[in-house]
1. Any chance you could run the full-extension gain for Asp119 through Asp40? It's 0.36 nm times the residue separation minus the Cα-Cα distance, nm to one decimal.
2. Cα axis of helix 100-120 to longest principal axis of the chain: angle in degrees, 0 to 90, nearest 10?
3. Do you know the relative contact order of segment 65-152, to the nearest whole percent, from alpha carbon pairs under 8 angstrom that are 6+ apart?
4. Using the alpha-carbon atoms, what tilt in degrees (0 to 90, nearest 10) does helix 140-166 show relative to the longest principal axis of the chain?
5. Give the shape of segment 51-157 as rounded, prolate or oblate, defined through the alpha-carbon gyration tensor: a ≥ b ≥ c are the square roots of its eigenvalues, a/c under 1.5 means rounded, and otherwise the shape is prolate if a/b is larger than b/c and oblate if not.
6. In degrees between 0 and 90, to the nearest 10, how far off the longest principal axis of the chain does helix 65-81 point, with axes built from Cα atoms?
7. Each label point is 7 Å from the Cα along the Cα-to-Cβ direction; what then is the distance between the points at Glu51 and Thr18, in nm?
8. With the contact rule set at Cα under 8 Å and sequence spacing of 6 or more, what percent relative contact order holds for the chain?
Amino acid sequence: MPAGRNRTQDTRPRTKDTGPPPAGADEKATLRGFLDYLRDSIADKVAGAPEPQVRTAGVDSGTNLLGLLKHLTYVERFYFLGEDAGDWRATMRPSARDTVDSVLAGYRDTVERANQVIDACPDLTLAAPRAPHRGPAPSMRWVLVHMIEETGRHAGHADILREQIDGSTGR
């Protein structure tokens with residue numbers, strides 16, 4: 001809390017923090033549970049964020065809230081659907097046509113399709129889908145763990161960016 005602010009005077013919007021998901025029935029269910037938890041966390045940070053702040057850089061690197069979710073959509077498509085992302089830096093930049101609703105819808109659709117791929121995988125040691133000409137595919141286990149790390153990292157960025165925009169905190 002900034003110096004000089006009294007907790008009783010703090011009127012910033014807050015949401016209740018939610019704890020991590022319970023352990024699943026097996027390894028895949030546990031990994032997917034944590035990934036879905038983080039996916040929901042970052043989607044909730046973008047939902048309702050105002051224009052133009054949602055696309056305005058909050059730090060010198062140019063990182064913005066809408067760009068983070070757009071990037072994660074491409075990462076999900078790359079690792080779970082075998083689609084090539086092209087220019088990774090471009091995935092972080094929302095276009096003028098991108099809106100909160102359109103990027104959220106694209107992310108949620110991609111997550112749903114990715115979960116179908118995860119659910120259909122009978123053994124986490126099997127290779128995940130891979131974009132053409134990208135070399136050998138990592139195992140589904142590696143992809144799930146990597147996506148937990150990737151999504152968690154960007155969800156943390158989103159926490160800070162959203163708080164800078166309108167003061168909202170919590171998951």
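1. Using 0.36 nm per residue and subtracting the Cα-Cα distance, I get 26.6 nm.
2. With rounding to tens, the tilt is 30 degrees.
3. Relative contact order here is 33 percent.
4. 10 degrees
5. Verdict is prolate for segment 51-157.
6. Helix 65-81 and the main axis of the chain meet at about 10 degrees.
7. Spacing of the two 7 Å Cα→Cβ label points: 2.8 nm.
8. 33 percent.
Rule-based calculations on the coordinates, nothing more; no lab input. In this text, all values refer to a predicted model and were calculated from it rather than measured experimentally. With ideal geometry, Cβ positions are generated from the backbone for all residues, glycine too; neighbour counts draw on all protein chains shown.
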